[in-house]
Amino acid sequence: MRKPVIAGNWKMYKTIAEGVDFIQKIAPMAASASHCDVVVAPPFTALAAVSQAAKGSKVGISAQDMHWDKEGAHTGDVSSTMIVDAGCTYVIIGHSERRHDHGETDEQVNRKLKAALAEGLTPIMCVGETLAQRESGGTGQVLKTQFEGGLAGLTPYDFSRIIIAYEPVWAIGTGRTATPEMAAESHHILRDLARQRFGEAEARSVRILYGGSVKPDNVGGLMGQPEIDGALVGGASLKVDSFAALINYPRT
Ligand code: PGA
């Protein structure tokens, strides 16, 4: 059985005080949620304080990115060692906003993934097509390229430690969600790629999250798809009430 993950990606929102306040409120609400893993990804500036506030709770802490080197002359970057030091156990890698804003390539995603694994972190690797790619029928090819490029050189054991997030770029922050069936179709493609590349057992056990305008009112339909193992949520993860509703998504 794959344990679902509900992960909140705060992006460039929340001060330290706001992040700590959020955790103090959400931690008791998450305490009874034994059906899923709960993760939040604050901005770098709030990581240490938020993970301190989350100590002993069910809420795991993720960074939103990292550099592949442990240290070095990389102005503005933060390393795997530093995010672990700040209390992270997860790291988001290859989010479409990083790919778009900072020109991140699959090769860089791959280097980051390897460095994250070497540091004992659980990487959440994001993949997904743009609207133009979807409309030209290229979704399958884009997912294959990002999957194979991002995961190049990994062993089945490495792969078993990774979470994948399918995030169609056209659904992120737009209010346009993929239908549960559309999302499940892409998850199916990704699981097939995992089967071909890493084997049946790994394909069955890898958790694939959906991301892109997930909200309390559509999370139930998405989570009702057997292929969907959780959600990576931006906007709707910023308010305590809506994140609490996402954690307690309708279950049958
Ligand atoms: P959104 O963001 O929920 O605001 O669409 C999702 C994401 O980018 O992870």
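Values quoted throughout were computed directly from the atomic coordinates according to the rules given, and no laboratory measurement underlies them. On a predicted model such as this, the values are computed, not experimentally measured, just so you know. So basically every Cβ, Gly included, is an ideal-geometry build from the backbone, and we count neighbours across all protein chains shown.
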Response to the item:
Relative contact order as a percentage, the chain, C-alpha pairs under 8 Å and 6+ apart, gives 20
Worksheet, complete the sentence: Asserting the computed 222 nm helical MRE of the chain (DSSP H runs at least 4 long, -39500 (n - 2.57) per run, divided by residue count, to nearest 500) equals -12000 deg cm²/dmol
Fill in: For the range 148-199, the fraction of alpha-carbon pairs in successive 5 Å shells from zero, as %
4, 17, 26, 20, 15, 12, 6, 1
Discussion item. Between residue 74 and residue 155, how high is the FRET efficiency from 1/(1 + (r/R0)^6) when r is the Cβ-Cβ distance and R₀ = 30 Å? Nearest 0.05.
Written reply: 0.65
Item to complete: Take the Cβ-Cβ distance between residue 17 and residue 57 as r, set R0 to 25 Å, and report the resulting FRET efficiency rounded to the nearest 0.05.
Response: 0.90
Worksheet, complete the sentence: Those trypsin sites (Lys or Arg not before Pro) from the range 1-44 that are DSSP loop and have at most 16 other Cβ neighbours within 10 Å turn out to be 2
Worksheet item: How high is the relative contact order of the range 105-194, in percent, with contacts defined as C-alpha pairs under 8 Å that are six or more residues apart?
Response: 36
Worksheet entry | Order of 210, 13, 90, 166 - criterion: other Cβ atoms within 10 Å of each residue's Cβ, fewest first | 13, 90, 166, 210
Worksheet entry | Residues with amide H under 5 Å from that of residue 59, placed H, sequence gap 5 or more | none
Fill in: For the range 5-247, share of DSSP beta bridges that run antiparallel, in % to the nearest 5
0
Worksheet entry | Unit charges at the beta carbon, dipole of the chain: most positive-side option, 5, 208, 67 | 5
Practice prompt. Kindly state, to the nearest 0.05, the FRET efficiency for residue 25 paired with residue 81, given R0 = 30 Å and r defined as their beta-carbon distance.
Written response: 0.50
Discussion item. Taking the alpha-carbon distance from residue 58 and a cut-off under 19 Å, which lysines remain once sequence neighbours fewer than 8 residues away in the same chain are dropped?
Written reply: 3, 25, 239
Worksheet item: Which whole-angstrom value gives the distance between the alpha carbon centres of the range 46-69 and the range 137-188?
Response: 24
Practice prompt. With no solvent and one equal point scatterer per Cα, compute the Debye intensity ratio I(q)/I(0) for the chain at 0.07, 0.13, 0.16, 0.17 Å⁻¹ and report its log10, rounded to two decimals.
Written response: -0.21, -0.76, -1.20, -1.37
Fill in: Tensor-based shape of the range 209-252 (alpha-carbon gyration tensor, a/c under 1.5 rounded, otherwise prolate or oblate)
oblate
Worksheet item: To the nearest 20 debye, what is the magnitude of the charge dipole of the chain about its Cα centre, counting +1 on the Cβ of each Lys and Arg and -1 on the Cβ of each Asp and Glu?
Response: 540
